[in-house]
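A.B. asks: Here it is: the structure, laid out below.
The values are calculated or read from the model by the stated rules, or taken from the named source; none is laboratory data. Values in this document were obtained by computation on a predicted structure and should not be read as measured data. Backbone-built Cβ (ideal geometry, glycine too); neighbour counts: all protein chains shown. To get the accessible areas, we keep the full protein, side chains included, count just its heavy atoms, and leave off ligands, DNA and RNA. Shrake-Rupley method; radii C 1.70, N 1.55, O 1.52, S 1.80 Å.
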Amino acid sequence: MIEWRDEGALLKVRKHGENSAIIEVFTPERGLTAGIVRGGTSRKIAPMLQPGAQLSVTWKARLEDHLGSFTVEPVRSRTAQVMQDRLALAGLNAVTGILSFVLPDREKHAPLYARTIALLDLLGQNEIWPLAYLQWEVALLEELGFGMDLSACAVSGLNDDLFYVSPRTGRAVSRLAAGDWADRLLPLPHVLLGKGDADIDEIVRALRTTGHFLNNHLAKSLGDRQIPEARQRLIDTMKRHA
């Protein structure tokens with residue numbers, strides 16, 4: 001029997017049989033791991049199994065490649081942070097949905113885990129959360145091998161007047177170097193460079209750029225699927241809160 005213990009964030013829950021549930025948990029040491037929770041639909045356990053909840057988990061299986069089963073204990077619920085806040089709820093759904101979609105099974109991503117927990121802990125702080133979310137998407141792309149290089153112009157090598165991003169390479173391009181190709185390039189809002197005011201309009205423009213790499217690079221590497229619609233619902237909610 002193989003067994004391990006860890007703490008992590010619950011990403012996804014689905015019913016299994018009459019009274020069990022299959023959950024997906026993201027932990028610092030084991031990455032994304034699925035398992036069965038016996039009695040997961042019971043009055044005692046079901047309230048713990050809310051996406052975003054922080055859980056202490058014990059995973060057991062006969063063999064490493066088996067689905068395995070989880071025993072769970074609550075560490076922290078994030079339900080109260082999102083129930084009366086549309087932006088927080090949309091944010092929680094986007095983060096958990098994207099991670100469940102993109103993370104490789106049982107592959108350790110400790111830095112991304114730390115950033116994810118920090119982001120989830122900011123839910124409800126709507127003045128700073130959209131910028132934190134944008135920075136999280138940038139880190140997600142970097143962690144999974146699809147990061148952007150915004151340090152200098154891909155054409156000139158200079159770091160003056162960077163204004164665009166190449167949709168193919170993810171490298172920055174200056175306004176002058178873009179020339180006739182400008183209309184084929186992605187915007188490079190100052191917020192992606194850590195400059196200027198991070199208002200909602202600027203953040204949404206930046207999310208257009210990160211969204212290109214999520215959908216056209218990362219998602220396609222997983223079988224030409226699209227990032228969960230929860231991400232667009234989050235962006236739409238951000239616009240309404242502007």
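A.B. asks: Does the range 117-129 include one or more residues that are in a loop (DSSP other than H, G, I, E, B), closer than 25 Å to residue 225 by Cα and either assigned by the TED database to the domain that holds residue 65 or touching a Gly at 6+ places or on another chain (Cβ under 9 Å) (or both)? Write out each step before concluding.
C.D. replies: We begin by selecting, within the range 117-129, every residue in a loop (DSSP other than H, G, I, E, B); these are 122-128.
Add one more test, that the residue is closer than 25 Å to residue 225 by Cα, and what stays is none.
Looking for residues that are in a loop (DSSP other than H, G, I, E, B), closer than 25 Å to residue 225 by Cα and either assigned by the TED database to the domain that holds residue 65 or touching a Gly at 6+ places or on another chain (Cβ under 9 Å) (or both), one finds none in the range 117-129, hence no.
A.B. asks: Anything in the range 165-207 that is among the charged types (D, E, K, R) and over 23 Å from residue 94 (Cα atoms)? List them, or say none.
C.D. replies: Passing the criteria: 168, 171, 175, 180, 183, 184, 195, 197.
A.B. asks: Restricting to the range 215-242, name every residue that is assigned to a helix (DSSP H, G or I) and over 21 Å from residue 87 (Cα atoms).
C.D. replies: Hits for the range 215-242 are 215, 216, 217, 218, 219, 220, 221.
A.B. asks: Looking for whichever is surrounded by 14 or more Cβ atoms within 10 Å (Cβ to Cβ) and not hydroxyl-bearing (Ser, Thr, Tyr) here; the options are 111, 51, 47. Which one fits?
C.D. replies: Among 111, 51, 47, only 51 is surrounded by 14 or more Cβ atoms within 10 Å (Cβ to Cβ) and not hydroxyl-bearing (Ser, Thr, Tyr).
A.B. asks: Which condition number in (1) surrounded by 14 or more Cβ atoms within 10 Å (Cβ to Cβ); (2) touching a residue at least 24 places away in the same chain (Cβ under 8 Å) is the one that residue 20 fails?
C.D. replies: Among (1) surrounded by 14 or more Cβ atoms within 10 Å (Cβ to Cβ); (2) touching a residue at least 24 places away in the same chain (Cβ under 8 Å), residue 20 violates only (2).
A.B. asks: Still on this model: Name the residues in the range 57-78 that are open to solvent by 50 Å² or more (accessible area, probe 1.4 Å) and either over 26 Å from residue 105 (Cβ atoms) or among the small types (Gly, Ala, Ser) (or both), would you?
C.D. replies: 77
A.B. asks: To continue, here is another question. Within the range 138-147, does at least one residue satisfy the condition of being outside any loop (DSSP other than H, G, I, E, B) and over 20 Å from residue 217 (Cβ atoms)?
C.D. replies: So far as the range 138-147 goes, no, none of its residues is outside any loop (DSSP other than H, G, I, E, B) and over 20 Å from residue 217 (Cβ atoms).
A.B. asks: Of all residues in the range 148-171, count the ones that are polar (S, T, N, Q), within 19 Å of residue 191 (Cα to Cα) and at pLDDT 95 or above.
C.D. replies: Number of matching residues: 2.
A.B. asks: Right, here's the next one. Could you please let me know if residue 145 is modelled with pLDDT under 95, assigned by the TED database to the domain that holds residue 109, open to solvent by 30 Å² or more (accessible area, probe 1.4 Å) and not basic (Lys, Arg)?
C.D. replies: Spelling it out, it is not the case that residue 145 is modelled with pLDDT under 95, assigned by the TED database to the domain that holds residue 109, open to solvent by 30 Å² or more (accessible area, probe 1.4 Å) and not basic (Lys, Arg).
A.B. asks: Here's something else I'd like to know. May I ask you to list the residues in the range 215-224 that are of a type in the set (A, V, I, L, M) and surrounded by fewer than 16 Cβ atoms within 10 Å (Cβ to Cβ)?
C.D. replies: Across the range 215-224, the qualifying residue is only 222.
A.B. asks: Report, by residue number, each residue of the range 69-104 that is in contact with a strand residue (DSSP E or B) (Cβ under 6 Å, 6 or more places away or on another chain) and either part of a helix (DSSP H, G or I) or under 24 Å from residue 146 (Cβ atoms) (or both). Give the derivation first.
C.D. replies: Filtering the range 69-104 for residues in contact with a strand residue (DSSP E or B) (Cβ under 6 Å, 6 or more places away or on another chain) gives 69-73, 75-76, 96, 99-100, 103.
Hits for the range 69-104 are 96, 99, 100, 103.
A.B. asks: Could you grab me the full set of residues in the range 196-214 that are open to solvent by 20 Å² or more (accessible area, probe 1.4 Å), in a helix (DSSP H, G or I) and either charged (D, E, K, R) or more than 21 Å from residue 126 (Cβ to Cβ) (or both)?
C.D. replies: Answer for the range 196-214, where residues must be open to solvent by 20 Å² or more (accessible area, probe 1.4 Å), in a helix (DSSP H, G or I) and either charged (D, E, K, R) or more than 21 Å from residue 126 (Cβ to Cβ) (or both): 201, 202, 205, 208, 212.
A.B. asks: Check 193, 158, 150, 186 and return the single one that is open to solvent by 40 Å² or more (accessible area, probe 1.4 Å), in contact with a strand residue (DSSP E or B) (Cβ under 9 Å, 6 or more places away or on another chain), in contact (Cβ under 8 Å) with a residue 24 or more places away in the chain and of a type in the set (A, V, I, L, M).
C.D. replies: Values: 158 fails: in contact (Cβ under 8 Å) with a residue 24 or more places away in the chain; 150 fails: open to solvent by 40 Å² or more (accessible area, probe 1.4 Å); 186 fails: open to solvent by 40 Å² or more (accessible area, probe 1.4 Å).
Selected residue: 193, the only one of 193, 158, 150, 186 that is open to solvent by 40 Å² or more (accessible area, probe 1.4 Å), in contact with a strand residue (DSSP E or B) (Cβ under 9 Å, 6 or more places away or on another chain), in contact (Cβ under 8 Å) with a residue 24 or more places away in the chain and of a type in the set (A, V, I, L, M).
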